[in-house]
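Report on one structure; see the data block that follows.
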Amino acid sequence: MENLEWPYLEVFKAACRIEPNSNEEDGDNRISELVRIFESLKNYIFISLCDRDFSDTAIEILETFTSRF
């Protein structure tokens with residue numbers, strides 16, 4: 001697979017914006033899981049920056065990771 005299709009980017013973007021629950025341990029687990037997923041998808045996200053149709057979504061994902069995690 002050369003790039004990530006738009007629906008997958010949108011799902012990942014939505015998952016990044018869900019607020020963790022009040023339980024600190026659950027929040028830490030959720031963040032760890034999102035970071036793990038980001039690590040496996042980061043090359044596809046960066047490639048998506050080059051595609052006009054996907055670049056806005058890719059930028060939003062990267063902004064979320066740089067500001068929240």
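The values are calculated or read from the model by the stated rules, or taken from the named source; none is laboratory data. Just so it is clear, the structure is predicted and the values come from calculations on it, not from any experiment. In this analysis, Cβ positions are derived from the backbone assuming ideal geometry, glycine residues included, and neighbour counts consider all displayed protein chains.
What the table below lists for this structure:
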read-out	value
Contacts under 9 angstrom Cβ, first residue in the range 35-47 being free of Cβ contacts under 8 Å to residues at least 40 places away in the same chain, partner among the β-branched types (V, I, T) and in a helix (DSSP H, G or I), 6 or more apart	F38/I45; F38/I61; L41/I61
Enumeration of residues in the range 1-39 that are exposed (fewer than 14 other Cβ atoms within 10 Å of the Cβ), at pLDDT below 65 and either among the small types (G, A, S) or closer than 16 Å to I59 by Cα (or both)	S22
